[in-house]
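Have a look at the structure below, then the notes.
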There are 2 protein chains.
Amino acid sequence: MTTAARRPATLDDVARAAGVSRSTASRVLAGNGFASPTARERVRTAVNLLGYVPNPAARALVHGSGVRLLIAVAGTGPAVLDDPYVDQAVAAVARACAPHGLGVAVQWVPLGEPERLTRLTDDRGVAGLVLLNTTPALLDLVPRRLAGRAVSIGIGSATVPSVDIDNGGGTTAIVRHLYDTGRRRIAMVTGPRWLACANRSVRAYRALVHEAGLPAREVVGDFSATRGYAAAREVLRRWPDTDAIVGISDATALGVIGRLRADGVRVPDDVAVTGFDDIPLAVTVALTTASHPVRQIITAAATMVLEQRTAPETTVFPSTLVVRGSA
Amino acid sequence: MTTAARRPATLDDVARAAGVSRSTASRVLAGNGFASPTARERVRTAVNLLGYVPNPAARALVHGSGVRLLIAVAGTGPAVLDDPYVDQAVAAVARACAPHGLGVAVQWVPLGEPERLTRLTDDRGVAGLVLLNTTPALLDLVPRRLAGRAVSIGIGSATVPSVDIDNGGGTTAIVRHLYDTGRRRIAMVTGPRWLACANRSVRAYRALVHEAGLPAREVVGDFSATRGYAAAREVLRRWPDTDAIVGISDATALGVIGRLRADGVRVPDDVAVTGFDDIPLAVTVALTTASHPVRQIITAAATMVLEQRTAPETTVFPSTLVVRGSA
DNA sequence: CTGAAAGCGCTAACAC
DNA sequence: GTGTTAGCGCTTTCAG
């Protein structure tokens, strides 16, 4: 480590050290363009010696490409950003971005004013866009500039490809499992109504209970454990003979279980409870749920925009039923 | 919204629309420098009209300041990044960065090769550094260039200020509560040994049990629920008469409870269990824990580096005992 | 108080 | 193959 406390090297330093011109050095680093093996070699050496790392700001400036991915999360209030699911998404995207020299920012977009998205994307620092909990209105507002550099997690559109979970299939498997194990009064704690992907779960639930001639019992939730905690009581108050509760998310289910146990209701003996996603904590409470590789899904989405891979309109990840103790 | 699908406005556009020179426009936006009220006004109008947002890459280039904050997480393997605590940290920092036009990246730094940090910070795209789970060796490697733009969450050093939780105090309160409620065989599922801030909790635990003439019973954990799940069984195998288990984190405690319940051990009747942090899920399982505004703490750290506030060497956030059902 | 001019570090034509 | 040149959008002396 003879490298003194110098300022980080620039391309000029590298070129000088290698005895070539800046352009040649640039070409070698870009990989494309021509360069003699000798030049290539000498530049490589200089780079290592100097510990050269390209300045992403300069690169972004000349390419007009931006320096960070924006994760735009739609919702009724800034509190949507408090969701651990969002945390996970941000972290996963940040991880995918790091090797590309890009950063991540998250911002909330109010459901009522989708135009706010435009203000966010007008920032040329934005190199790409990841939409979370999106609505069709929002999808339509993605600017041309970001064509091919935007992706939605959930529903997509003709111009914005999406990466999604088979919510319907997952929920169907869960409800069917409940039915097959003898449950006949199956309630559901849903997600917010405006959220398209959550609604697919709700619709699957409705279709199934309807088909089986069972009553549909729905309480609106918001994915959170806290809401699940409250919703459980509401379910049992409205329909005391309920024998199963389907949670729209694992957190919801964990909240439901917490409340039931606190109220002396046995799980799964009296009431079966299911979740959705299979978060790490699920195993510790033996939660029956549907498993999805959320991290991978988000990484896939981030990679799509980072590598500009022309993606199919929709990539659907499967949902796998995981039967544990709670149902 | 007459704004056509144009390319985002540049400072030149603003200057032209305002009928002033680029420099004047720049001065007005910077806030400092001279500018007549008239000029100021006209530039403001133009900015709003055009929806102008400065290009952060250009700005970073001229200032040599970087375009993203780096969150460096020390650990034995890349799996440290899978921790929900890290997720939360990344998301909180990303949130704080967004209004500043900065992004966030996360990278893992192997415990054995702290020099890897240097390679990361040599990237001029790095505007600031947030250290997580850091070690003294790592702290010493923070380059001069980042002086005043680095902060550690946990232990700090003379050159790197830190934002920290009063782990010792929190743990003391927890163990004392356990003792006061009659527990005399108190075990602890610790964090990894190399982690200084977790060790403060362990030391507090040891001091207290020692002082009370109780045996110290420690099983090494890693903050995860999964590890807590396994550790619970180990504790009861080694010391069957244990009547309380202190978890180094809420996730650990949740894992412990899961395992105990699965094994027919009653919580808190047979064994009391406590956590640390007070994550949202804690309330749903009635976990007794110590509460810390983690999000706020991380936001405070991020703000320190974003606003270059000359910070005291260490800012300690208090820990508050929250007694719920589990102990 | 304001404008002209010189770069920040890098890339991409375009000559040599 | 390689060097020269002209910017990307912005800030900041330095003259007016």
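The values are calculated or read from the model by the stated rules, or taken from the named source; none is laboratory data. Here the structure is a predicted model, which means the values were calculated and not measured. Every residue, glycine as well, gets a Cβ built from its backbone with ideal geometry; the counts of neighbours run over all protein chains shown. Areas reflect the complete protein model, heavy atoms only, side chains present, ligands, DNA and RNA absent. Shrake-Rupley method; radii C 1.70, N 1.55, O 1.52, S 1.80 Å.
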**Message:** Over the Cα atoms, compute the radius of gyration (one decimal) and Dmax (the largest Cα-Cα distance, rounded to a whole number) for the protein assembly as shown, in Å.
**Reply:** 27.0, 82
**Prompt:** Give or take rounding to whole Å, what are the principal axis extents of the alpha carbon atoms in the range A:180-265, in descending order?
**Reply:** 33, 29, 21
**Item:** Principal axis dimensions, the range A:104-256 - Cα atoms, whole angstrom, descending
**Value:** 56, 27, 23
**Cβ-based net charge around A:Pro240, under 13 Å, with every Lys or Arg adding one and every Asp or Glu removing one** = 0
**Item:** Portion, in percent, of the accessible area of the range B:231-302 that falls on carbon or sulfur, probe 1.4 Å
**Value:** 52 percent
**Asked** Heavy-atom accessible area per residue, the range B:29-105, 1.4 Å probe: how many Å²?
**Response** 44 Å²
**Prompt:** Among A:Val202, A:Val53, A:Val106, which one moves the most in a GNM of chain A with springs linking Cα atoms closer than 10 Å?
**Reply:** A:Val53
**Message:** Restricting the calculation to Cα positions, tell me the Rg (one decimal) and the Dmax (whole number) of the range B:278-327 in Å.
**Reply:** 14.5, 43
**Request:** Starting from the exponent 0.38 and prefactor 2.2 Å, build the expected Rg for chain B from its residue count and divide its actual Cα Rg by it.
**Result:** 1.26
**Request:** Please state the charge dipole magnitude for the range B:222-266, taken about the Cα centre, from unit charges on C-beta atoms (+1 on K and R, -1 on D and E), reported in debye and rounded to the nearest 20.
**Result:** 160 debye
**Request:** Using the Karplus curve 6.51 cos²θ - 1.76 cosθ + 1.60 with θ = phi - 60°, work out ³J(HN,Hα) for each residue of the range A:166-171 in order, rounded to whole Hz, and write x for Gly and Pro.
**Result:** 7, 4, x, x, x, 5
**Complete:** For B:Leu321, the residues 5 or more places away or on another chain with a placed amide H closer than 5 Å to its own amide H are B:Ser291
**Request:** Just tell me the longest site-free run in chain A, where the sites are GluC sites (Glu not before Pro) in a DSSP loop having at most 11 other beta-carbon atoms within 10 Å.
**Result:** A:1-306
**Item:** Total accessible surface hidden between A and B, rounded to 100 Å², 1.4 Å probe
**Value:** 4400 Å²
**Item:** Selected from A:Thr171, A:Val220, A:Leu195, residue furthest toward positive end of dipole (the range A:156-228; charges at beta carbon)
**Value:** A:Val220
**Item:** Hull-based mean projected area of the range A:68-139, where the convex hull spans the alpha carbons, in square nanometres
**Value:** 4.4 nm²
**Prompt:** What percent antiparallel are the DSSP beta bridges of chain A, to the nearest 5?
**Reply:** 10 percent
**Probe 1.4 Å, accessible area per residue of the range A:190-235, Å²** = 44 Å²
**Item:** Estimated FRET transfer efficiency (A:Arg44, B:Arg266; beta-carbon r; R0 41 Å; 0.05)
**Value:** 0.05
**Message:** If I ignore ligands, DNA and RNA and count only protein heavy atoms, how much of A:Thr76 is accessible to a 1.4 Å probe, in Å² to the nearest 10?
**Reply:** 110 Å²
**Sulfur and carbon atoms: percent of accessible area, the range B:1-152 [1.4 Å]** = 54 percent
**Counted charge near A:Phe317, where neighbours are those whose Cβ lies closer than 14 Å (Asp, Glu -1; Lys, Arg +1)** = -2
**Request:** Hey, could you get me the Stokes-Einstein D for the range B:126-211, Kirkwood radius over alpha-carbon pairs, 25 °C and 0.890 mPa s, rounded to whole µm² s⁻¹?
**Result:** 169 µm²/s
**Message:** Suppose we compare each residue of the range A:44-73 in its chain alone and in the full protein complex with a 1.4 Å probe; which ones drop by at least 10 Å² of accessible area?
**Reply:** A:Gly51, A:Val53, A:Asn55, A:Pro56, A:Ala57, A:Ala58, A:Leu61, A:Val67, A:Arg68
**Prompt:** So what are the three principal axis dimensions of the range A:12-107 from its Cα atoms, in whole Å, longest to shortest?
**Reply:** 58, 24, 20
**Item:** Under-5 Å amide H pairs with A:Ala272, H placed in peptide plane, nonlocal only
**Value:** A:Ala244, A:Ile245
**Message:** With bins 5 Å wide starting at 0, give me the P(r) of the range B:200-323 over every alpha carbon pair, in whole percents.
**Reply:** 2, 10, 18, 20, 18, 12, 8, 6, 4, 2, 1
**Request:** Please report, in debye to the nearest 20, how large the charge dipole of chain B is about its Cα centre when each Lys and Arg carries +1 at its beta carbon and each Asp and Glu carries -1 there.
**Result:** 900 debye
**Given charges at beta-carbon only (K, R positive; D, E negative), |dipole| of the range A:1-116 in Debye** = 840 debye
**Request:** Run the numbers on the range B:281-327: which residues show a drop of 50 Å² or more in accessible area, chain on its own versus all protein chains together, using a 1.4 Å probe over heavy atoms?
**Result:** B:Leu281, B:Thr284, B:Arg295
**Karplus (6.51, -1.76, 1.60) ³J(HN,Hα), θ = phi - 60°, over the range A:132-146, in Hz, Gly and Pro reported as x** = 10, 6, 7, 10, x, 4, 5, 4, 6, 8, 5, x, 3, 3, 9
**Message:** What is the sum of charges, Lys and Arg at +1 and Asp and Glu at -1, for the other residues whose Cβ falls under 14 Å from the Cβ of A:His210?
**Reply:** +3
**Message:** Give me the Å³ per residue figure for the convex hull around the C-alpha atoms of the range B:231-276.
**Reply:** 55 Å³
**Prompt:** Modelled label-to-label distance, A:Arg233 and A:Val220, 7 Å Cα→beta-carbon offset: nm?
**Reply:** 2.0 nm
**Asked** HN-Hα J couplings of the range A:295-309 from phi, Karplus 6.51/-1.76/1.60, θ = phi - 60°, integer Hz, Gly and Pro as x?
**Response** 4, 5, 4, 5, 4, 4, 4, 4, 4, 4, 7, 5, 9, 6, 6
**Asked** Is it possible to state the helix-based mean residue ellipticity at 222 nm for chain A, with each DSSP H run of 4+ residues giving -39500 (n - 2.57), the sum divided by total residues, to the nearest 500 deg cm²/dmol? What is it?
**Response** -13000 deg cm²/dmol
**Message:** Per 0.36 nm of contour for each residue apart, how much would the distance between B:Glu211 and B:Ala147 grow if the chain were fully extended, relative to their Cα-Cα spacing?
**Reply:** 18.8 nm
**Fill in**
Result for the range B:242-323: accessible area per residue, probe 1.4 angstrom, in square angstrom, of 37 Å²
**Message:** Under the convention of a label 7 Å out along Cα→Cβ, give the distances in nm from A:Asp263 to the same position in every other copy, shortest first.
**Reply:** 3.2
**Asked** Counting other Cβ atoms within 10 Å of each Cβ, which chymotrypsin sites (Phe, Trp or Tyr not before Pro) in the range B:142-211 have at most 15 and sit in a DSSP loop?
**Response** B:Trp194
**Fill in**
For A:His210, the accessible surface traced by a 1.4 Å probe with all protein chains present amounts, in square angstrom to the nearest 10, to 150 Å²
**Item:** Point-to-point label distance, B:Thr118-A:Glu307, nm (Cα→Cβ direction, 7 Å offset)
**Value:** 3.2 nm
